[in-house]
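What follows draws every value from the coordinates through simple rules; no lab data is involved. Please read all numbers here as calculations on a predicted model, not as lab measurements. Don't worry about glycine lacking a Cβ; one is built from the backbone with ideal geometry, like all the others, and counts go over all protein chains shown.
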Ligand code: ADP
Ligand code: MG
Ligand code: MG
Ligand code: MG
């Protein structure tokens, strides 16, 4: 097929297309005319259809040549579907069972068919409803430790690593969205910014004057742009995680590229912290959500601690990369020095994570893309109160990231602000 053959597949055309694919047709079962097709895309960028037949269901995602949230005035390359497919394939190898199974990909149509996640729901919705997820810590930390470690120089030889960077380097339009919307716009006047007004007008103005913050966000932006440490998911918020009580699946890696590991880990932590700060605004009776709030902060602690433990374990047992050559760390003395260096590496990664978590928080409160954690708080006064607490912690995390030595320093500060 030619590049010019791209067309947006709405219901009828999608039905015909899927009916032409032997394996998909068999999986759905029955007559194509009887398949139900529902568009469920609630994301900002793409079309997602759920298709169900007599014997099974699938999810079909198609990229649009523009940003869905904004419209045709904001073009965005279809190639993001290629990078999403590539990332999903790699994540499936490295973290089996933690991403939806791939069923079909059409490069020309920028279309991917995958396993239907059912009865999974978007984790963010569950958090708004104060649901606790007992599998989450173990699953998300396995996902992050394995996808980040095995795509880094600690695991790959130099040539493989550089080839892998090259394979994702073309996804720069998606990186640019992050560079603008997360690392730039919330700190200046930008047409697409919004916030809870007038309550947060003063805070928004203070962010635009805060040179310490501008230095800190610019350092983080540079780190994001210039540190190809590992293959990132690139958009790892709680809206990119689907859950049940017993399962966790990471979806939507279209922002994937080689970047700094702390960006993914920080995304997870930031979104849990925002769920915590938003929780007060969803309360109908005082204390009603206390157990949930306790669980969220415990989860923040455990996500970092378990991620760190798993990552270090992989480094000790699976280091096959060109970084830290074993020949330089011979004997007992070498082993001890290398172990100390691993600890120093994790401390540096923690500092990055703290800064990126702060950036991910501020953009959700002052930038273009908000989240339902805060948006579903109907009373703007309560919403602003929750948001202001999150921003207060985030500002400190960004300008004094290294002052937070452990994750308990973060959750301790969050608890005091509640
Ligand atoms: P976008 O890139 O536009 O954000 P997503 O990949 O996040 O698109 O998908 C949008 C929505 O579609 C998700 O929030 C989820 O509700 C639904 N969805 C996506 N993939 C699946 C799947 N494999 N099974 C069930 N629902 C899905
Ligand atoms: Mg999404
Ligand atoms: Mg995001
Ligand atoms: Mg997406």
(message) Only counting other Cβ atoms within 10 Å, I'd like 351, 361, 248, 108 sorted with the fewest neighbours first.
(response) 108, 351, 248, 361
(message) Run lengths n ≥ 4 of DSSP H only: what is the helix-derived mean residue ellipticity at 222 nm for the chain, with -39500 (n - 2.57) per run over all residues, to the nearest 500?
(response) -17000 deg cm²/dmol
(message) Neighbour counts of other C-beta atoms within 10 Å: give me 85, 17 arranged from fewest to most.
(response) 17, 85
(request) Multiply the residue separation of residue 44 and residue 107 by 0.36 nm, subtract the distance between their alpha-carbon atoms, and state the gained length in nm to one decimal. (result) 20.6 nm
(request) Taking the Cβ of each residue in 418, 80, 27 as the centre, tally the other Cβ atoms inside 10 Å and list the residues starting with the fewest. (result) 418, 27, 80
(message) Defining a contact as two alpha carbons under 8 Å apart and six or more residues distant in sequence, what relative contact order in percent does the range 242-324 show?
(response) 24
(message) What translational diffusion coefficient, to the nearest whole µm²/s, does the chain have by Stokes-Einstein, given a Kirkwood radius computed over alpha-carbon pairs, a temperature of 25 °C and 0.890 mPa s viscosity?
(response) 109
(request) Would you please classify the overall shape of the range 7-115 from the alpha carbon gyration tensor, given that a ≥ b ≥ c denote the square roots of the eigenvalues, rounded means a/c under 1.5, and beyond that prolate means a/b larger than b/c while oblate covers the rest? (result) oblate
(message) Can you tell me, using C-alpha contacts under 8 Å and at least 6 residues apart, the relative contact order of the range 7-115 as a whole percent?
(response) 20
(message) Relative contact order of the chain, please, whole-number percent, based on alpha carbon pairs below 8 angstrom and at least 6 residues apart.
(response) 18
(message) Which one, 310, 333, 162, has the greatest fluctuation when you compute a Gaussian network model over the chain with C-alpha springs under 10 angstrom?
(response) 333
(message) Can you compute the modelled spin-label distance between residue 121 and residue 405, with each label point 7 Å from Cα toward Cβ, in nm?
(response) 4.1
